[in-house]
Every structure is written in C-alpha cells, then in structure tokens.
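Read the structure below first, then the notes.
The values are calculated or read from the model by the stated rules, or taken from the named source; none is laboratory data. This one's a predicted model, so the numbers in the text were calculated from it and none came from an experiment. Here the Cβ is made from the backbone with ideal geometry for all residues, glycine too, and neighbour counts use every protein chain on show.
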Amino acid sequence: MNYAGLEYSGVRNIDGPLVFIDGIRGVAYDELVEITTPGGEVRLGQVLDVTASTAVVQVFGGTDSLAQSGTRSRFLGTSLEIPVSKSMLGRVFDGLGRPKDGLPAPLTSQRRDVNGTPVNPYAREYPRDFIQTGISSIDLMNTLVRGQKLPIFSGNGLPHNRMAAQIARQAKLLNEDVEFAIVFAAMGVKHDVARFFIDSFERSGVLHNVAMFLSLADDPSVERLITPRSALTLAEHLAFDEGMHVLVIITDMSNYCEALREIATARGEIPSRKGYPGYLYSDLASMYERAGRLRGQSGSITQMPILTMPSDDISHPIPDLTGYITEGQIVLERDMFQRGIYPPVAGLPSLSRLMKDGIGKGRTRDDHPHVASQLFAAYSRVKDIRSLANVVGEEELSAVDKLYLKFGEAFESRVVSQGEYENRSIEETLSIGWDVLRVLPRAELLRLSEEELKTYYDQPISIKDVEA
Amino acid sequence: MDNETRQNVGRITRVNGPIVEACDMERAGMLEVVEVGELRLIGEVIRVRGKGLATVQVYENTSGLHPGEPVYCTGRPLSVRLGPGLLGTIYDGIQRPLERLAEASGAMLKRGDKSESLDVERRWSFKPLLKVGDEVCGGTVYGEVQETLSVLHRVMVEPGVSGRIVSLVEAGEYTGEETLCVVEQADGRRRELTMFTHWPLRRPRPVRERQALTRPLLTGLRVVDAFFPIAKGGASAIPGGFGTGKTMTQQALAKWSDADIIVYIGCGERGNEMTEVLREFPELQDPRTGRSLMERTILIANTSNMPVAAREVSIYTGITLAEYYRDMGYDVAVMADSTSRWAEALRELSGRLEEMPADEGFPAYLPARLASFYERAGSVETLNGRTGSVSVIGAVSPPGGDFSEPVTQHTSRFIRCFWALDRDLANARHYPAISWTNSYSEYLVEVADWWRQKDSDWQRHRDLLMETLQEEVALQRIAKLIGPDALPDHQRLVLMVADYIKNAFLQQNSFDDVDMYCSPEKQTWMMRMLATFITKSQALIKKGATLSDISAIGSLPRLLRMKSEVRNDDGAAMAALEQTVSSELDALEGKLRG
C-alpha cells in the first residue's frame, strides 16, 4: 500500500537540525519530507533513520520555530530531486535548486535525484585531454586535464577566489575552441564572495553560461549538505545528456564538512578525528567521484573544489581526506603570498596526478614531462639550500648552491608569478621554464636527456635578464 | 506461498544507511546471504538477537527501502564463484562483473542488478588428466583448460570431496556448469563436479602445509628488490600520506612483479585509477611471457563512492580468488589499495551498529580482522602437492601521513616488510618514494641466498650502498649546521656518492621505457658499478685525489644515466661501461702516483 502524501501532525523531539516523528507508516529511508511550521512556513527535510514507528528527519530550512504540536509533516514518497535542463545556465538557484533570481522555475519535466548513482568504473573513460589554464604554475607543473577533480587548498585571506575566477576565464583546450559551461556552488560563503564571482563571470562575458547554486553564510547550514549535490546533478545532466564540457567550482568545502559534523553530533554519532564523523571520507567521495568522463560520450565534468585549511594545516581532516580522493591538489602558500607573488602556488606540495598522461608528445610538447620533473627536483633542492643558508649564511655556500638560490628566485618570479589577467600559452610557459633552468649548470640537469639539452638548453636565452 | 518459504522471509523493521534490522528471522544463520526488500538487494546477516531479530549489512544503496519490506533468506554464506574466466575481468566488491553490468544497464550502477560472476554460456576446451577408477581427494587436478594464452587453468576437485572417479568426460568443449566428473565417496554418495565452484569468502581455503619463504618476489623496482625485498608468500605494507605514490607503487608492482597471477583490489579508491589499469594493462607486455598483462590480472573495483559495505568484503573476495589460483600451483600477488579505506568501512558499519569504539572510533576487532587478512598470505604446499603462494601488498593511507595511527600500527604487527613512503622524497618527485631510513624487510635474510647465486658479492654491495646512505643521513645533520664545505674531503665524498646512489639507482622513472622495469641481472650489475666506484674513489681520496678530480671523470655522466641508457638485456654495454669506468679510475690513480 502506498502511504505517500499522508500528513502527520506533531513531532516528538526536536534536536538541532533533526526532528523525530512518531506513528508513521511506510516511510522509506532517504525519503523527502515537507514540514510545515505552526506559522505555515514550508520546509524540506530528508529521512536519515527509520524504524516501523519513528522517522528521524533532517530539516534543510533549520528547525527554528518548529514545535511539538502544530508542526505538520508530509512524506513525499521520493528522494530529493531537482529539475535539470540546459535552460538553467545563466540562472541563480538556492541549495535545493529553487530559483533565487526572481525568475520562474525552469521549464522542464526532467528531474534527477541529487545523490546521483555511482558510475560503473568500467564505463569510465580515462581523462587525458590537456586543459590550458594560462597559469604557468598549473600548466607546467600541475597540469589540469578534462574530467579531473583538482581542488585548491587555500587559507583564509589567500587569493583562491581570484585564482578560480582566472581559471574559469582562461581555461581552454589546445586544438579546440569549445566553451566550458560552468556550474558554481557556494556553501556558507559571504555575499560579497558570491558577488565577486558573479561580477567576474559577467565581465568576461560568460555569465549566460554559468548556473549558480548559492547557500550563503546566512542560509541554514543543513542546506549546505545538498548544495554541492544539486550542482553536480545539473553538471551530470549537462555533461552526459547534453554532451557539454562542464567545469564545476565548489566553494568552500570546509563549510560543507562543518555542516556534516553538526548533523553527526546532533545524532549522537561516535566522532572520529576532530569531531568529524567516521564516514567523512565516503561522504566527500560521493561528491568528488562525480567528476570524469564516460566511454563513448563527449561530455565531461571537471571539478575544482576550493577549501580553506583551518590554520593552514594540510593535515587537518578536511584537506587530508580530500587529498586522498581528488586527483592532486593546488596548494596556496601564505609565505609566497606575503612576498607579493600571485598566484602563490606552493611548488612542492602541489600535485596533479593525471598530469603524466595529459602532457608530452602529441599533447603539449615532448620535453614537458622532463622539464617539469627537473624543475621539481631542482626546486626541492632550493628549499634545502635555503634552510642551510639560514644557518651558515649565504656566503658560506658552495658555488653550485649559490646558483640554486638564484634559480629559486628566478623560478618564483618568472614561472610562478604572473598577472591575474595574463594568459600564457603552453609554449610560452615551457620556454620560461627553460630560461629558468639555464641558471643551473648543465651537469646538474640529470632528469633531462642529452637531446633535450641540445635542443633547448644550448639555445640562446629568449629572455635576457633572467640572471640579473 | 507454502509453509517452508514463508518461514524463510523476514520483515524490515529499521533502515539506517547500509544497516538494516529485520524481524521473523529465526531461520537466518550468522553470515548468511539475504536479499533485502522488493529490489532484492544483496545483504549479509551480521548479528542475530533475541526473538528472531537480525541485523543485516546491505551491499547496495538502501535509499527508498522502508520498514515492512521483505527479507529473503538464501541459506548460503557469502561466496565467490570460481572457475575459468576470472582472469582479465573487472568485478565489484561482491564479484559482480562490471563489464557485463555496463553493457546491460549503462554507465551508472543500478541497484539489485544480478549478473552471473562467470559466463555460464561460454564453452571451454577441457582436457581430462585422469581416468575412471582413479582415487581423488580435495584439490586433485582432474583436468585442465587453457584460460588465457599465458595461464593454464587447472580444474580441481573441491576441498572436502574425496573418493573414486566413476565417470569423467572426454576432452571437448564444455560450459562451466556441466558435470565433468562424478566421484563416488567412501560413504557411497556421489558428487558431481563442474568447472565452476563456490567458496565462502571469509574462510581460508585449505592447504597441506605452509612452507618457509625463500624465493624473492621480483618486482623490477630497485629500491624494493635490493634494499627491502619481499618474499613470495610474504606480506608487505605501503603506508604513505596522500600524493606520496602508494597507487603508483602498487601499479608498478602489479605490472612488473614476477607473480603468475595478479589480483588488484581497488578498495575505496578513485574510479579513474581502475580505468587507468583497465586502459593500460592490456597494452603492456609481461616481460616474461611476452603476453598482455591483462591476461594474468583480475581487478576488483569498489571505488570510494560505491556502497561502503561492499568495500568491506572486497578484500575477502580478492584474497579468495588469489587462494584459488595458488591452489593450482601459481604464485599470486594481491595488491590491496587501500586497507585504510577498508578499515574505515569497518568503522562506519561498527558505528551504525552502535558498538563500543576503541582507538579513534575503530572497533576493537580491527586488529583481529587485519591479522586474519594478512595471515592468508603464505607460500604453501597445496592439497595436490604443488607449490603455490599468495603475497599480499597492502597500501595504508594514514590520516595526515602520521604512522602512529591505529591502522598503520596494527598492520605493522602482521606484516614483515614495511615500505614507508616519504613526503619529502615525493615532493622532490623522487619515485618510488620509499624511504631508506624508515623502511625495513625481515625477508632480506631469507632471500639473500637467492641473490647471492646471481652475484656472490650481492650482500656486500647492498650493505655498502646502504651504509653510505645511512652515513650520509648522519653527515647531513652536521652539514646543516656548519655547511658541507667545512667537511673533510672523505666525508664530502660520502655526500656526493650518496647523491649518485639516490639519483642513479634508487630513483626510477616509471615512464621511461627502459627504466620502468629493471631485471635482476641489471640490478646486480648496477650495484656492482656503484660499489666499485665508491670503494675506488674512497681509496683515491686517501691517496690525495680531490673531489673535483673524481667528479671530472669522463664516464661519470654515463654511469649516472645507466638506468635509462643501458637496456636490461644488453650485457655487452654493461661490460663496456664497467671497463671504461674502471680504467678511468685506475688512470687517475696512476696520475696521482706519477
């Protein structure tokens, strides 16, 4: 028998974002609930635990002004779904996919469960199309490919938003002139941050190609749990039904995780590290894994989640578990930022796991993998020498070590540092890389082949003043 | 519905994520498989309580289930299907064939999808090896099937069956479910044998005897083979923070280790990594057989976004498949990536069961479960008298890269080989980032004899290289305070040659066609080259040579690039380079004397 649509009056307990409803029949796990406050306001909720007589419901709109009597709830017989359609590009929605821009709801009969379904690993296509972001520290050292999930690990006050906007503006494929559709999800960020992205999209003329899902700092925190899922649900429709290439920017994952912790605590679950629930990894994975490509389909989802590391600590559970799921990470470094370097992409801890198959012969340029490997090795040496120089003084260093210091300076000021509106081609980036390597003696460059050294190292410097 | 079936159907009373409680379950046994709800989702009974109450863990997403739905008992434990056709296949955690699921229901995984683990239609060319009247017992090989061009599948009598063959088919084409052989047991009962069999995945398959581990599992990775070797039948852990190269190392081992069969378990990891293996392995050649690597590989993929309960069983599925091939007399290597995700699945389920947590929320039985998994590794004499082995290599993902957490700590109690991945090495893109200060292998002593047969000086060379590296660590501490230039020449020489060992020997480029796999012959040669260079240059320094004399030696750049410029089988090039380096060092000595 179908019990969907029955309305129940009253609730037993209200605990943080959770309500406990008794006397129910035929309620399903994960089912969507419509809760009407005594004042007549309608909020959505979702079943987290159900027994034959009681359901535990998390309320997305918050539990304020709910009361034991006078609260009515209706179980809707479906799980949480949002409408999806191409016409949602250019629009602004709340975390549950309801219009926030004053325009009517999108005209579509297609609805999708926000939780999605896991992709069969066999049906995936391995991502390997190089995306040129025009930012040297990414293109050269931490290459982004289409279908990758590459987060930005940042800290409060660091320019992660400017960088994400620059990537959204400049990202393109080398031999193809396809535009990205952008799906943007904001959880718990301030209005001015959302404003910044809207302005930035508007100025670069892509706003009509962006769908935004906003659950800002003053919206109920539980809604943040659904916001990224709504965004990804639309992204999946655009990529795998409409064949588009979608870039999903999600900010800020730290706020999402805090909302999750709030629910877990309210349910009295046993916490694991720092009070976050033991399933934080699986929960994050259920979103991050919704990136990629599918066999025989032209679309793709590239994910760029942004998270601020609490007190810049990369071993905090949020960046830590994220790093275990995503295919690399772009780490922003406060020290570089304070020295005025934009974008302050940390040289060593940043990584792109899919880089190896997206670069090199036939993709970027033959020497790219070796140049990147050599730059990493040399820059790691720079870090050691710098700490040595702090102790013994620069004067005491050997001649080669002094060259390494010079290389380090050149690397940071020429390769890493660039303008917010500077869009470098991969050729340009590689030749800057070689210019910087030329600071070092030939014998130090063990990761480059003789042939590459002949072709590039022995050529005259294209930019004269590297050493100066 | 007759009385019998009604008693075997329970009712759901509670749904809490992957944990479902049901009543009217008096007949359900512990660890029995049940089918939950109208969708008949696969589950397993994990707790039985008073008045017919049972707790079931469900291997699929339980969204939409509601109290009152039926739970069907099956009367059998969770098992894997065994037989020809396993190799080259990709399965999920409960052995559903992902390729066939994708064909049947598209790119997304649907719930309640039932698909046979093995192709029941396919006919295999079976050749009997025994005759009617022969006595057989569990494990006896009564026929064979060429499963792939590189692997011969030995068809065995199921463990527990013994007696006399009363009928056996002729050579020919048969499906996996046709009766091939009938055995009459001592009690007169007849057992019909088919190619396909079942085995409960939580129960280790029986063996005749466990053997000492003396044969190295050659991996082609120099830092492993030379410094921290693993024996065939050994168990090893690779702990490392994110981005230190656990998966890369696991994949390199899956590609180049000299096991006959590889079982690669992607447990709670990325989907794209499995795709990468699927894309890459068929194109790679096994250095020993010349055949595609996929022909010896089985993949188990339970990625991080797939149901968490199935993640928990995926490693048992994998190791049971490994034991099955071991019983045929093969050396099998199991890669489990990552055991931490498996432990987290245990923790999540334990939390939902409201069990009392021990360390960091993990259940108190975590160490016992880890032990029972790693103990299924071993080199054995099988029931049919062959020698087979299962080596287990488990990746561990410690939170924050901190090795003092429970999973790393408990794991290191049950393994004897520890490849600690180092963040600094990984940051410098020195791969494999296996630390030579924190790693160890207790198998070293056991496999040293094997290496000494290749090169009688192997142990001496290994010790010299290792000592040089350890000395460098100590010297670096001083150099950090006073600067390296303040050290005497013989100590600066140590710093210099340690750098050569790291760059020319330990660091290995998995994208270089020559360097990605290093044969034992080339390894012993490279070690000899470096050891000779170190010994001779130390003597030269004592005789008054300077560091720059030594670093100016003309063949040094070739020595440093030998890993990529000398091919594995190019004995002539090896001898020539050895000759050149040696004579240049001797010439330098002559000059000093003169």
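Summary table
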quantity	calculated
Condition broken by residue B:411, with the remaining ones in (1) in contact (Cβ under 8 Å) with a residue 60 or more places away in the chain; (2) part of a loop (DSSP other than H, G, I, E, B) satisfied	(2)
Candidate set: segment A:371-404, residues that are in contact with a Lys or Arg (Cβ under 7 Å, 6 or more places away or on another chain) and at pLDDT 90 or above; chosen: the one nearest to residue B:492 (Cα to Cα)	A:404
Selection from segment B:193-238 of residues that are more than 14 Å from the chain's Cα centre (by Cα) and closer than 20 Å to residue B:507 by Cα	B:220, B:221, B:222, B:223, B:224, B:225, B:226, B:227, B:228, B:229
Failed condition for residue A:179, given (1) at pLDDT below 90; (2) farther than 19 Å from residue A:87 by Cβ	(2)
Hits in segment B:22-40 (condition: within 14 Å of chain A (Cβ to nearest Cβ), surrounded by 23 or more Cβ atoms within 10 Å (Cβ to Cβ) and in a strand (DSSP E or B))	B:22, B:36
Whichever residue in segment A:333-347 is surrounded by fewer than 24 Cβ atoms within 10 Å (Cβ to Cβ) and of a type in the set (A, V, I, L, M) and, among such residues, is farthest from the other protein chains (Cβ to nearest Cβ)	A:341
Odd one out for residue A:138 among (1) buried (at least 24 other Cβ atoms within 10 Å of the Cβ); (2) outside any strand (DSSP E or B); (3) touching an Asp or Glu at 6+ places or on another chain (Cβ under 9 Å)	(3)
Selected residue (criterion: nearest to residue A:17 (Cα to Cα)) from residues of segment A:219-251 that are among the charged types (D, E, K, R) and outside any loop (DSSP other than H, G, I, E, B)	A:223
Answer residue from segment A:156-168, given it is at pLDDT below 95 and assigned to a loop (DSSP other than H, G, I, E, B) and is farthest from the other protein chains (Cβ to nearest Cβ) among those	A:157
Residue that is farthest from residue B:292 (Cα to Cα) [pool: residues in segment B:58-78 that are surrounded by 19 or more Cβ atoms within 10 Å (Cβ to Cβ) and more than 14 Å from chain A (Cβ to nearest Cβ)]	B:73
In segment B:96-109, the residues that are more than 7 Å from every other protein chain (Cβ to nearest Cβ) and either part of a loop (DSSP other than H, G, I, E, B) or surrounded by fewer than 19 Cβ atoms within 10 Å (Cβ to Cβ) (or both)	B:96, B:100, B:103, B:104, B:105, B:106
Residues satisfying the stated conditions in segment B:245-291, i.e. of a type in the set (S, T, N, Q) and facing chain A (nearest Cβ under 10 Å)	B:247, B:272, B:275
Some residue of segment A:449-460 being farther than 29 Å from residue A:324 by Cα and within 34 Å of the chain's Cα centre (by Cα)	no
Residue count for segment B:353-371, restricted to those that are touching a residue at least 60 places away in the same chain (Cβ under 8 Å) and either in contact with a Phe, Trp or Tyr (Cβ under 9 Å, 6 or more places away or on another chain) or under 28 Å from residue B:253 (Cβ atoms) (or both)	0
Qualifying residues in segment A:314-332 (those that are under 22 Å from residue B:428 (Cβ atoms) and assigned to a loop (DSSP other than H, G, I, E, B)) - the one nearest to the other protein chains (Cβ to nearest Cβ)	A:315
Flag for residue A:335 being within 21 Å of residue A:378 (Cα to Cα), free of Cβ contacts under 8 Å to residues at least 12 places away in the same chain and more than 17 Å from the chain's Cα centre (by Cα)	yes
Complete set of residues in segment B:52-72 that are touching a Lys or Arg at 6+ places or on another chain (Cβ under 6 Å) and in a strand (DSSP E or B)	B:55
Candidate set: segment B:507-524, residues that are within 13 Å of chain A (Cβ to nearest Cβ) and touching a residue at least 12 places away in the same chain (Cβ under 8 Å); chosen: the one nearest to residue B:543 (Cα to Cα)	B:507
Filter pass, residue B:8 being of a type outside the set (Phe, Trp, Tyr), at pLDDT below 95 and closer than 19 Å to residue B:312 by Cβ	no
Per-region count, segment B:82-95, residues over 12 Å from residue A:121 (Cβ atoms) and either assigned to a loop (DSSP other than H, G, I, E, B) or of a type in the set (Ser, Thr, Tyr) (or both)	9
Every residue from segment B:471-490 that is surrounded by 14 or more Cβ atoms within 10 Å (Cβ to Cβ), outside any loop (DSSP other than H, G, I, E, B) and either away from chain A (no Cβ under 14 Å) or modelled with pLDDT under 90 (or both)	B:471, B:479, B:480, B:484
Test: residue in segment B:508-517 that is buried (at least 21 other Cβ atoms within 10 Å of the Cβ) and either at pLDDT 95 or above or over 31 Å from the mean Cα position of the chain (by Cα) (or both)	no
Members of segment B:173-220 that are of a type in the set (Val, Ile, Thr), part of a loop (DSSP other than H, G, I, E, B) and crowded, with 18+ Cβ neighbours inside 10 Å	B:207, B:219
Pairs where the first residue, in segment B:48-71, is free of Cβ contacts under 8 Å to residues at least 24 places away in the same chain and the second is hydrophobic (A, V, I, L, M, F, W, C) and outside any loop (DSSP other than H, G, I, E, B), C-beta under 7 Å, 6+ apart	B:48/B:54
Test for residue A:405: is it surrounded by fewer than 20 Cβ atoms within 10 Å (Cβ to Cβ), without any contact (Cβ under 8 Å) to a residue 60 or more places away in the chain and either among the hydrophobic types (A, V, I, L, M, F, W, C) or within 12 Å of another protein chain (Cβ to nearest Cβ) (or both)	yes
Residues satisfying the stated conditions in segment A:261-287, i.e. within 8 Å of chain B (Cβ to nearest Cβ), without any contact (Cβ under 8 Å) to a residue 24 or more places away in the chain, surrounded by fewer than 21 Cβ atoms within 10 Å (Cβ to Cβ) and part of a helix (DSSP H, G or I)	none
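Okay, residues lined up against (1) within 14 Å of chain A (Cβ to nearest Cβ); (2) in contact with an Asp or Glu (Cβ under 8 Å, 6 or more places away or on another chain); (3) buried (at least 24 other Cβ atoms within 10 Å of the Cβ):
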{"site": "B:293", "(1), (2), (3)": "no, yes, no"}
{"site": "B:301", "(1), (2), (3)": "yes, yes, yes"}
{"site": "B:308", "(1), (2), (3)": "yes, yes, yes"}
{"site": "B:314", "(1), (2), (3)": "yes, yes, yes"}
{"site": "B:332", "(1), (2), (3)": "no, yes, yes"}
{"site": "B:344", "(1), (2), (3)": "yes, no, yes"}
{"site": "B:350", "(1), (2), (3)": "yes, no, no"}
